[in-house]
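To start, the structure itself, in structure tokens.
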Amino acid sequence: MNKLTMLGTGSAVVTRCYNTCFAISTPAGTFLTDAGGGNGILSRLAKARIRTDDINDVFLTHAHTDHILGAVWLVRTAAIDWRGGRRNAPLRIHSHDRALGVLQSVCRLTLAAKDTALFGHAVEFCEVADGDAITAGDINLRCFDIGSTKEKQFGYRATLPGGTSVVCLGDEPFNERNRQLASHADWLMSEAFCLYADRERYKPYEKHHSTALEAGRTAATLGARNLILYHTEDDTLATRRERYAAEAAQAFGGRIIVPDDLEVIEL
């Protein structure tokens, strides 16, 4: 069975939940997308009962702190697991040149020499370009540049065992340049920084983000079957699930999930 675990659902400066990142588990293992902003990723994985040595592939969308800094801890644990004999395959980190360059620089500045000496062995940095096809275990992905004007960022279309498709749009609004790859997904994953009703309070457009209503419109125009909303503010966690889903449903008639941290979704 394929499942998705939302390790974190929040945007950059949240304090009541973890930054957005998620794991897709298939019969072949666990594929992680982004890693949050620090070593909180280790706590999230532990609570989700996902072992670090079971993760062989990571996809980093971009180099913002709330997405990439947790990967430093994954690199460190991969080196520790390698030396301890718990990892017999390298941790492969897939991303574009910008994000991989930032991650490697931070790792070399902050990790011990014995850890960075294992680059190329315990850890492999796998550069991808717009349109590249890659394989992560039994998941096939097609990567795409989302066309951000803020920070170079990639999304992907993943095909899971059994043919289920998952499209990750990153944490910015959908770009028409990627319509072909993003259309007719079984599961569309979209950021929704806040409610449209709260746009004056949170000012999502100034931050290159969208609202739940706009995410619903995107899902409708792309013909998605299911919509997952994430990367939100954290002031309204008590009502987030109901209110975000209700607003997105004004434009999208499919299933809408607004998950909490550590929620598991069967794909």
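The values are calculated or read from the model by the stated rules, or taken from the named source; none is laboratory data. Owing to the predicted nature of the structure, the values given are computational and were not obtained by experimental measurement. Glycine also receives a Cβ, built like all others from the backbone with ideal geometry; neighbour counts cover every protein chain displayed. Note: areas computed on protein heavy atoms with side chains; ligands, DNA, RNA excluded. Shrake-Rupley method; radii C 1.70, N 1.55, O 1.52, S 1.80 Å.
Is it the case that Asp57 is assigned to a helix (DSSP H, G or I) and either open to solvent by less than 20 Å² (accessible area, probe 1.4 Å) or farther than 18 Å from Phe154 by Cα (or both)?
No; evaluated as a whole, the condition is false for this residue.
Looking at the stretch 35-49 only, could you name the residues that are small (Gly, Ala, Ser) and either open to solvent by less than 30 Å² (accessible area, probe 1.4 Å) or outside any helix (DSSP H, G or I) (or both)?
Ala35, Gly36, Gly37, Gly38, Gly40, Ala48
When you scan the stretch 13-25, do you find a residue that is without any contact (Cβ under 8 Å) to a residue 60 or more places away in the chain, over 18 Å from Phe154 (Cβ atoms) and open to solvent by 30 Å² or more (accessible area, probe 1.4 Å), even just one?
yes
In this structure, does Thr52 turn out to be in contact with a helix residue (DSSP H, G or I) (Cβ under 9 Å, 6 or more places away or on another chain), closer than 23 Å to Glu266 by Cα and open to solvent by 10 Å² or more (accessible area, probe 1.4 Å)?
yes
Among the residues of the stretch 40-73, how many are of a type in the set (Gly, Ala, Ser), closer than 12 Å to Ala99 by Cβ and free of Cβ contacts under 8 Å to residues at least 60 places away in the same chain?
1
Say whether the condition of being open to solvent by 10 Å² or more (accessible area, probe 1.4 Å), touching a residue at least 40 places away in the same chain (Cβ under 8 Å) and small (Gly, Ala, Ser) is met by at least one residue in the stretch 153-167.
yes
Would you point out which residue out of Glu200, Glu176, Glu206, Glu172 is open to solvent by less than 70 Å² (accessible area, probe 1.4 Å) and of a type in the set (Asp, Glu)?
Glu172
Could you please tell me which pairs satisfy a Cβ distance under 7 Å, a separation of 6+ or placement on different chains, a first residue in the stretch 94-120 that is within 27 Å of Leu141 (Cα to Cα) and of a type in the set (Ser, Thr, Tyr), and a second residue that is at pLDDT 95 or above and not in a helix (DSSP H, G or I)?
Ser95/Phe59; Ser95/Leu60; Ser95/Val128; Ser95/Phe154
Would you confirm, using the coordinates I've provided, whether Ala158 is farther than 28 Å from Arg86 by Cβ and at pLDDT 95 or above?
So Ala158 fails the test.
Would you point out the residue of the stretch 126-152, among those that are open to solvent by less than 50 Å² (accessible area, probe 1.4 Å) and in contact with a helix residue (DSSP H, G or I) (Cβ under 6 Å, 6 or more places away or on another chain), that is nearest to His208 (Cα to Cα)?
This residue is Gly147.
Mind counting the residues in the stretch 214-257 that are under 19 Å from Glu172 (Cα atoms), open to solvent by 30 Å² or more (accessible area, probe 1.4 Å) and among the aliphatic types (A, V, I, L, M)?
Final tally of qualifying residues: 3.
Being open to solvent by 50 Å² or more (accessible area, probe 1.4 Å), small (Gly, Ala, Ser), out of contact with any strand residue (DSSP E or B) (no Cβ under 6 Å at 6 or more places or on another chain) and under 19 Å from Leu141 (Cα atoms), is that true of even one residue in the stretch 83-93?
Scanning the stretch 83-93, I find no residue that is open to solvent by 50 Å² or more (accessible area, probe 1.4 Å), small (Gly, Ala, Ser), out of contact with any strand residue (DSSP E or B) (no Cβ under 6 Å at 6 or more places or on another chain) and under 19 Å from Leu141 (Cα atoms), so the answer is no.
Any residue in the stretch 179-190 that is more than 17 Å from Thr20 (Cα to Cα), out of contact with any strand residue (DSSP E or B) (no Cβ under 9 Å at 6 or more places or on another chain) and surrounded by 18 or more Cβ atoms within 10 Å (Cβ to Cβ)?
Within the stretch 179-190 (the criterion being more than 17 Å from Thr20 (Cα to Cα), out of contact with any strand residue (DSSP E or B) (no Cβ under 9 Å at 6 or more places or on another chain) and surrounded by 18 or more Cβ atoms within 10 Å (Cβ to Cβ)), the answer is no, since none of the residues qualifies.
Among the residues in the stretch 193-210, are any out of contact with any Asp or Glu (no Cβ under 8 Å at 6 or more places or on another chain), among the polar types (S, T, N, Q) and modelled with pLDDT of 95 or more?
No, because not a single residue in the stretch 193-210 is out of contact with any Asp or Glu (no Cβ under 8 Å at 6 or more places or on another chain), among the polar types (S, T, N, Q) and modelled with pLDDT of 95 or more.
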